[in-house]
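Following: one structure in structure tokens, then a few remarks.
The values are calculated or read from the model by the stated rules, or taken from the named source; none is laboratory data. On a predicted model such as this, the values are computed, not experimentally measured, just so you know. Here Cβ is always computed from backbone atoms with ideal geometry, including for glycine, and neighbour counts include all displayed protein chains. The area values use the complete protein model at the heavy-atom level, side chains included, leaving out ligands, DNA and RNA. Shrake-Rupley method; radii C 1.70, N 1.55, O 1.52, S 1.80 Å.
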Amino acid sequence: MIKLISTDDDVSSNNIAEFLVGFNATFLRHNIEELTSVTIYLSNEKTVLPFENTYHRRGRINTLSNEHKNEIFYDYLIKEENPVIKSIEYISKNQNGNNYVGEYNEEEQHNKIIDLFLAKEIGFIIPKTLISNCKNEIISFYNECKKKIITKCIKYPLEVTTKEYQIFGKNTFLVKKKDIISLAELNSFGLYQECIKKKYEIRIFVYKDLIFSMAIFSQQNKKTILDYRNYDEKKPNRYVPYKLPDEIEKKIKHFFKLKNINTGSVDVIVNNDNEYIFLENNPQGQFDWLSKNCNYYIEKIIAQDLFLNNIE
């Protein structure tokens, strides 16, 4: 039986489901907003898992009703649930003959700093990066990078709401000297990187051994020059299909193998010297816009893979 794990409003999962219907495939969709029945059986003779031919698109399956939230043992139940969910993903991905793509584990444990380290180790160029809570170190880094550095969240987007104001920060921001001066001598951790002048950005989506790439010409618009996510609805960026050099594709596949993940997105920029610079990895990664802008029909490819594995 084909399984989809996602949120009830995920566009990509909806599209995959539509293709499965077109193939007359039998499948079940488990939205994380709903309760899911789970049973695992392990013995020397066999292993029985609830998810085998599965595409895991978003979040973690839910086995606890909201009614439990007010109970005194709720936190304990969550802690007991967590290793069960993680074990399903781990065993499913590592069991011979199983087709389990995507996961919750890596999304939860995702770490930009480790990703940069791994990318550097396999030969990618990475931006000069400083992670520090020390004001003097940040000032030194600012000067080292010729007074052009950016900052972004280390993991979670900033969302603060009070009676007086709302703050939302998930994009990339240029750091000015007055911003650093305003910091305390020891402050909270920040991630700072050199600001690299780029020719264009590349969004890459990986599904198993398949790589889909799209060039984003964000430099031609002042609003998106620092981060294409500062979308300009009136004058949108140009998006085109892009063929990566074989060497870069090999490095991406090596990176995914090191992380033991089989799908996700990678952001890369190309500088004025035509060098490919690794920025970050998103283990779940949006690909709806990439698929549509480049006519890749990624959703159809995923649905076909699930369908053919179900026949086997």
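Odds and ends about this structure:
- Of Ala119, Ala17, Ala184, the one that fluctuates the most in a GNM where the chain has Cα springs shorter than 10 Å: Ala184
- Highest-MSF residue in the chain out of Leu49, Leu130, Leu77 [GNM, Cα springs under 10 Å]: Leu77
- Per-residue HN-Hα couplings for the stretch 62-67 [Karplus 6.51, -1.76, 1.60; θ = phi - 60°; Hz; x = Gly/Pro]: 10, 10, 10, 5, 4, 5
- Accessible area in square angstrom per residue, the chain, 1.4 angstrom probe: 57 Å²
- For Ile32, the residues whose amide H sits under 5 Å from its own are Ser6, Thr7, Asp8, ignoring neighbours fewer than 5 places away on the same chain, with H placed 1.01 Å from N.
- Computed from Cα atoms, the angle from the helix 74-94 axis to the main principal axis of the chain rounds to 80 degrees.
- Other-chain or far-sequence residues with amide H under 5 Å of Asn271's (modelled H): Lys199, Ile277
- Take the Cα of Ile181, step 7 Å toward its Cβ, do the same at Val38, and the gap between the two points is 5.3 nm.
- Cα gyration tensor category, rounded, prolate or oblate, for the stretch 54-160 with a/c compared to 1.5: oblate
- Rounded tilt (10° steps) of 298-311 against the dominant C-alpha axis of the chain: 30 degrees
- Label of the coordinate-derived value, mean projected area of the Cα convex hull in nm², listed as (i) 18.2; (ii) 20.6; (iii) 16.9: (ii)
- Of all accessible heavy-atom area on the chain, the percent that carbon and sulfur account for (1.4 Å): 52 percent
- Dipole axis of the chain (+1 Lys, Arg; -1 Asp, Glu on Cβ), positive-most option in Asn105, Cys153, Ile72: Cys153
- Taking Lys147, Lys93, Lys79 as the candidate residues, the one with maximal mean-square fluctuation in a Gaussian network model of the chain, Cα springs under 10 Å, is Lys79.
- For the chain: relative contact order, % (alpha-carbon pairs under 8 angstrom, 6 or more apart): 19 percent
- Nearest-ten-degree value, helix 112-121 long axis tilted from longest Cα axis of the chain: 80 degrees
- Estimated dipole of the chain in Debye, rounded to 20 [Cβ of Lys and Arg +1, of Asp and Glu -1, Cα centre]: 1560 debye
- Computed helical MRE - 222 nm, the chain, DSSP H runs ≥ 4 contributing -39500 (n - 2.57), nearest 500: -9500 deg cm²/dmol
- Counted charge near Tyr142, where neighbours are those whose Cβ lies closer than 14 Å (Asp, Glu -1; Lys, Arg +1): +4
- Cα shape, the stretch 1-69, gyration tensor, a/c 1.5 rule: oblate
- Annotation: lysines with alpha-carbon distance below 17 angstrom to Lys292 (same-chain offsets under eight excluded): Lys243, Lys300.
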